[in-house]
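**Student:** Mind looking over this structure? Questions follow.
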Amino acid sequence: MKRTLDYLLLGILLVLSTSLSSKMTAQSQAYYFGDTQFDPAITSPSEYLGWEIGTWHITHDQLVGYLKVLAAESDKIDLIEIGKTHEGRSLLNLHISAPKNLSNLESIRKKHLQNLDPNAGKIEKVPSVVYQGFSIHGNEASGGNAAALHAYYLAAAKDPFVEAVLEKTIILMDPCFNPDGFQRFASWVNSRKSLNLVSDVQSEEFHEPWPGGRTNHYWFDLNRDWLPAFQPESQARLKVFYDWRPQVFTDHHEMGSDKTFFFQPGVPSRTNPLTPLKNQELTGAIGRFHAKALDKIGSLYYSREGYDDFYYGKGSTFPDAVGSIGILFEQASARGHLRDTEFGQLSFAFAIRNQVTAAKSTLEAVLELGDDLKKYQQDFTRGAIKKAGKDPRKAFVVSAGNDTYRLQKFVEMLGRHQVACFLPETDLDRKDKTFKREESVIIPLDQSQYTLIRACFDTLTSFTDSIFYDISAWTMPYAYNLHWTALPDFSNKMLGEEVSAESFDSSSPAFNESEMGYLISWEDYQAPAAVYAMQNRGLKVRVCENGFQYEGMAFGPGTILIHGPSQNLPTKEVFNILKEVASKFFIHIKPVTTFENLSAFDLGSPQIVSLDMPRPLLVTGEGASAYETGETWHFLDQRMHIPTSMIDGRDLGSRDLSRYNVIILADGSFGNMGTGGTQKIKDWLRDGGTLIAMGNAVRWAEANKLVKLTIKPASKDDKGEAIYKNYSNNKARNRINGAIFHTKMDMSHPLSWGLPSGEMAVFRKESFFLEPTEKPYASPMLYTKSPLLAGYISKENVPLIANSAAITVHGMGRGTIICTPDSWNFRGFWFGTNRLFVNSLFFGPVINNGTKQ
């Protein structure tokens, strides 16, 4: 009852505040900060905005504007722009500390990092370092709004505690991890706010339109991108993190409205086994400061349940892999300004106050536990080499064969995490693979980033707990489709020079002009982008259905032929286009000197067929998964440079689909499509279109009779103790939350063209399985008999996935439907299965109708 009255009184206060003074009133100041006094020379948020924080949702431009004013007025804050979002918004980081620390900041940073060096001697006495981050999910807005208040508190509070904190701490503050999503959500919710606040959960204010504000511009969940770090927001914040290596990192989120407030530690049995026990002990010790602070203001909370510290790609777990303490905060979300919940009416201001309170209690904990936190971090990083010495694997070697792009991107990813990579001194023969010096890199384990290297390479398949908040596997060399193995016999004599992403030769080999034409290998990762660019410039393209030798060079199926005399452009212009494209995408081009090829078929063979330029349509809207749709959009736009139309599924029935020759259903139920849209797709297919259905879109295709498939659901066997409290966990144990599986591919099938081998690691998170089609040609990729490579799958589901279909190909009229239950573009870093997707995009019309189911 007390909390309900608290909500109501605050709601009345905030409504009235807009008609009162523009100053931060004593009442609202006391609500957030108690009896703390503030320096009147420092502008408060309400003075800048003209309204109290919590009255409206602050927009990102308002937040940036206020923080610039605050930094200009206070000698305790340095504001730095660390990057830009896809939409051009500023990514900010605030350095907050005592003026004498800020004037000596670079020296403090270097001494702090020196303390972590395994080869360093004396430990220098320096301030603690804390990184506080807010609202990585844009529609979890209480964090970003709290950031303005927290920064003001540290800049202006006349408080001995603040003075002590700033004296002994460097605070790195990211006020908004996700500016694009934050702005999108604030615009929506503010535009639906009434003068008389509406708390009815059915009201439009609480139902933002698809895709919502959670994600960034390309609809990526930035809180899953800390390890791969493919988004500009992630790369910017990761650089700050490694520049400073904080002892504590906090991540302020929101959760369901009918909950309270969560802080870590999470579920003990679901902590990543690479995380030291001492990490969790310190997390628990910090948690007691949060409990005390929330007790003081009467806010309910919980810990040690619901959330976990397993996937190192999350913001609150990634720090655990590098010697820091990651802390997750989850506040019940108002999702608007005032919302009905089972606890009563939840105001936006109440949510903000809890975030402000937790931000302050974090600093209280660091002030009290600073020496313990520093010692833990120093022991972690300095002890890494010792741990590596006990690891029998010693090092890893990886290779991408002829496709250096994937290897370069892999090295780039590791480089962002300060992992050293080296060329081998000579070729290495291991098992059935020779790792050629110029195509491989070695990653020694005896590095300060030993734990993170293990996190990238380990292949766990056995777990204490069968429940995962996020994915259970992310083995990076599998994601990049690399050949790799451990080197138990490793010695430093095997190492050549150290390499970075910039070390790779990205230039395209020179080639001569030819009137007859050119051959282009499809094995290069960027070959599809290059071919699209050629087609978009007016070049006619043909594709070879089988591999061949030509003038001593091997060309696999999928090789592209640019026939010179067929082009409607002068020979010189064709050559200039190819030179320009080759330079941009770093591909290899072989001039044709004769159409005769005695080693195989001639270049005028019927085995070389015309290839249309893809004109893709990506179906969006309610019923489509924003994540998978965004991943696909990002891949096409940023990697392949293919303009992609997007249409809401509910509008398909009224659109002219003849403009497109490929339609992509990235994942989802697509119930919004209706019978009109579904029939439109069927008619379009009969006219020769290609439909790509991934994830749950396969279920939609089967239910709407576009394909004939036998879909097997995951096992429902309940092996846990059948008591009431175990119900949820027993059901969850048969879900596949994200694991990696082994498949084999028909290497003659068009969907395999350009792949380095007939075996591939695929990522899947869907808990259903496809029976192979009646026509064996229509199931070109199958899971193997024992497919699990890394991650969790219940014993009951193993026989269901074994030998099931990873791809099925179907026909409707002259059209092609390609189905997969898997996530081919998962989170932007699954480079291997990217090729399956792009082959579907280009080669769907090439697939022989007789082979389709």
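**Student:** Among LEU487, LEU460, which is more than 20 Å from the chain's Cα centre (by Cα) and open to solvent by less than 10 Å² (accessible area, probe 1.4 Å)?
**Tutor:** One residue alone meets the criteria, LEU487.
**Student:** Which condition does ASP371 not pass, out of (1) part of a helix (DSSP H, G or I); (2) open to solvent by 30 Å² or more (accessible area, probe 1.4 Å); (3) touching a residue at least 24 places away in the same chain (Cβ under 8 Å), if it passes all the others?
**Tutor:** (3)
**Student:** Would you check if there is a residue in region 605-617 being of a type in the set (S, T, N, Q), open to solvent by 10 Å² or more (accessible area, probe 1.4 Å) and part of a strand (DSSP E or B)?
**Tutor:** Yes - at least one qualifying residue is present in region 605-617.
**Student:** Return a yes/no flag: does region 829-849 have any residue that is crowded, with 20+ Cβ neighbours inside 10 Å and part of a strand (DSSP E or B).
**Tutor:** There is no residue in region 829-849 that is crowded, with 20+ Cβ neighbours inside 10 Å and part of a strand (DSSP E or B).
**Student:** Just checking, how many residues over region 569-604 are touching a residue at least 60 places away in the same chain (Cβ under 8 Å) and among the hydroxyl-bearing types (Ser, Thr, Tyr)?
**Tutor:** Of the residues in that region, 3 qualify.
**Student:** Given the criterion touching a residue at least 40 places away in the same chain (Cβ under 8 Å) and more than 26 Å from SER74 (Cα to Cα), identify the matching residue among VAL165, VAL189.
**Tutor:** From the options VAL165, VAL189, the qualifying one is VAL189.
**Student:** With on the phi > 0 side of the Ramachandran plot and without any contact (Cβ under 8 Å) to a residue 60 or more places away in the chain as the only criterion, which of GLY88, GLY65, GLY121 stands out?
**Tutor:** Sole residue among the options that is on the phi > 0 side of the Ramachandran plot and without any contact (Cβ under 8 Å) to a residue 60 or more places away in the chain: GLY88.
**Student:** Search region 626-643 for residues that are within 17 Å of ASN839 (Cα to Cα) and pair each with any residue that is open to solvent by 10 Å² or more (accessible area, probe 1.4 Å) and not in a loop (DSSP other than H, G, I, E, B) when their beta-carbon atoms are under 6 Å apart and the residues are at least 6 apart or on different chains.
**Tutor:** ILE642/TYR532
**Student:** Moving to a separate point now. Scan region 214-236 and give yes if some residue there is out of contact with any Gly (no Cβ under 7 Å at 6 or more places or on another chain), open to solvent by less than 10 Å² (accessible area, probe 1.4 Å) and either β-branched (Val, Ile, Thr) or part of a loop (DSSP other than H, G, I, E, B) (or both), otherwise no.
**Tutor:** Yes - at least one qualifying residue is present in region 214-236.
**Student:** While we're here: Looking only at region 631-659, which residues are under 22 Å from ALA533 (Cβ atoms) and out of contact with any Phe, Trp or Tyr (no Cβ under 8 Å at 6 or more places or on another chain)?
**Tutor:** Scanning region 631-659 gives LEU636, ARG639, PRO643, ARG659.
**Student:** Check whether at least one residue in region 278-301 is open to solvent by 80 Å² or more (accessible area, probe 1.4 Å), of a type in the set (A, V, I, L, M, F, W, C) and without any contact (Cβ under 8 Å) to a residue 12 or more places away in the chain, and report yes or no.
**Tutor:** no
**Student:** Could you check region 462-479 and list, in sequence order, the residues that are among the hydroxyl-bearing types (Ser, Thr, Tyr) and under 15 Å from GLY828 (Cα atoms)?
**Tutor:** Selection gives THR475, TYR478.
**Student:** Scan region 54-69 residue by residue and report those that are under 19 Å from PHE177 (Cα atoms), open to solvent by less than 60 Å² (accessible area, probe 1.4 Å) and either not in a helix (DSSP H, G or I) or not polar (S, T, N, Q) (or both).
**Tutor:** Those that are under 19 Å from PHE177 (Cα atoms), open to solvent by less than 60 Å² (accessible area, probe 1.4 Å) and either not in a helix (DSSP H, G or I) or not polar (S, T, N, Q) (or both): HIS57, ILE58, THR59, HIS60, LEU63, VAL64, GLY65, TYR66, LEU67.
**Student:** Going by what's in this entry, would THR451 be described as out of contact with any Pro (no Cβ under 8 Å at 6 or more places or on another chain), among the β-branched types (Val, Ile, Thr) and open to solvent by less than 20 Å² (accessible area, probe 1.4 Å)?
**Tutor:** Considered against the rule, which asks whether it is out of contact with any Pro (no Cβ under 8 Å at 6 or more places or on another chain), among the β-branched types (Val, Ile, Thr) and open to solvent by less than 20 Å² (accessible area, probe 1.4 Å), THR451 comes out as yes.
**Student:** Would region 687-703 turn up any residue that is within 14 Å of TRP219 (Cβ to Cβ) and either at pLDDT 95 or above or open to solvent by 60 Å² or more (accessible area, probe 1.4 Å) (or both)?
**Tutor:** There is no residue in region 687-703 that is within 14 Å of TRP219 (Cβ to Cβ) and either at pLDDT 95 or above or open to solvent by 60 Å² or more (accessible area, probe 1.4 Å) (or both).
**Student:** Quick check on my filter: what residues within region 192-246 are closer than 20 Å to SER142 by Cα and among the acidic types (Asp, Glu)?
**Tutor:** Hits for region 192-246 are ASP200, GLU204, GLU205, GLU208, ASP221, GLU233.
**Student:** To continue, here is another question. Considering region 636-659 alone, what residues qualify as being surrounded by 20 or more Cβ atoms within 10 Å (Cβ to Cβ) and in contact with a Gly (Cβ under 7 Å, 6 or more places away or on another chain)?
**Tutor:** Selection gives GLY649, LEU652.
**Student:** Of the residues in region 492-507, how many are open to solvent by less than 100 Å² (accessible area, probe 1.4 Å) and either modelled with pLDDT under 95 or in contact with a helix residue (DSSP H, G or I) (Cβ under 6 Å, 6 or more places away or on another chain) (or both)?
**Tutor:** Summing the residues that are open to solvent by less than 100 Å² (accessible area, probe 1.4 Å) and either modelled with pLDDT under 95 or in contact with a helix residue (DSSP H, G or I) (Cβ under 6 Å, 6 or more places away or on another chain) (or both) in region 492-507 gives 6.
**Student:** Restricting attention to region 511-537, which residues are open to solvent by 10 Å² or more (accessible area, probe 1.4 Å) and either in contact with a Lys or Arg (Cβ under 8 Å, 6 or more places away or on another chain) or closer than 13 Å to PHE586 by Cβ (or both)?
**Tutor:** Hits for region 511-537 are PHE511, GLU513, SER521, GLU523, ASP524, TYR525, GLN526, ALA533.
**Student:** What is the number of the single condition among (1) among the small types (Gly, Ala, Ser); (2) part of a helix (DSSP H, G or I); (3) surrounded by fewer than 23 Cβ atoms within 10 Å (Cβ to Cβ) that ALA151 does not meet?
**Tutor:** (3)
Listed here are the residues, each with its yes/no results for (1) crowded, with 23+ Cβ neighbours inside 10 Å; (2) charged (D, E, K, R).
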| site | (1), (2) |
| --- | --- |
| GLY389 | no, no |
| ARG393 | no, yes |
| PHE396 | no, no |
| PHE410 | yes, no |
| HIS417 | no, no |
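**Student:** Within region 80-105, can you find the residues that are under 13 Å from CYS176 (Cα atoms), in contact with a helix residue (DSSP H, G or I) (Cβ under 7 Å, 6 or more places away or on another chain) and part of a strand (DSSP E or B)?
**Tutor:** ILE82, GLY83, LYS84, SER90, LEU91, LEU92, ASN93, LEU94
**Student:** Now for a different question. Looking at VAL366, VAL411, VAL356, VAL397, which is the one that is touching a residue at least 60 places away in the same chain (Cβ under 8 Å), over 28 Å from ASN272 (Cα atoms) and within 30 Å of the chain's Cα centre (by Cα)?
**Tutor:** Exactly one residue qualifies, and that residue is VAL356.
**Student:** Given the conditions (1) at pLDDT below 95; (2) among the small types (Gly, Ala, Ser); (3) buried (at least 21 other Cβ atoms within 10 Å of the Cβ), report the number of the one that ALA26 does not fulfil.
**Tutor:** That leaves (3) as the condition not met.
**Student:** Let me ask something else. Take the residues of region 587-604 that are open to solvent by less than 80 Å² (accessible area, probe 1.4 Å) and under 44 Å from the mean Cα position of the chain (by Cα): which is nearest to VAL543 (Cα to Cα)?
**Tutor:** LEU603
**Student:** For region 106-118, how many residues meet the condition of being in contact (Cβ under 8 Å) with a residue 12 or more places away in the chain, open to solvent by less than 80 Å² (accessible area, probe 1.4 Å) and part of a helix (DSSP H, G or I)?
**Tutor:** Counting residues in region 106-118 that are in contact (Cβ under 8 Å) with a residue 12 or more places away in the chain, open to solvent by less than 80 Å² (accessible area, probe 1.4 Å) and part of a helix (DSSP H, G or I) gives 6.
**Student:** Same structure again: Run down GLY313, GLY326 and say which single residue is assigned to a loop (DSSP other than H, G, I, E, B), out of contact with any His (no Cβ under 8 Å at 6 or more places or on another chain) and either open to solvent by less than 10 Å² (accessible area, probe 1.4 Å) or touching a residue at least 40 places away in the same chain (Cβ under 8 Å) (or both).
**Tutor:** It is GLY313.
The values are calculated or read from the model by the stated rules, or taken from the named source; none is laboratory data. Predicted model, so just to flag it, every value in this text is computed and none were measured. Heads up, the Cβs are rebuilt from the backbone with ideal geometry, glycines too, and the neighbour counts pull from every protein chain shown. Quick note on the areas: whole protein, heavy atoms, side chains included, nothing else; ligands and nucleic acids left out. Shrake-Rupley method; radii C 1.70, N 1.55, O 1.52, S 1.80 Å.
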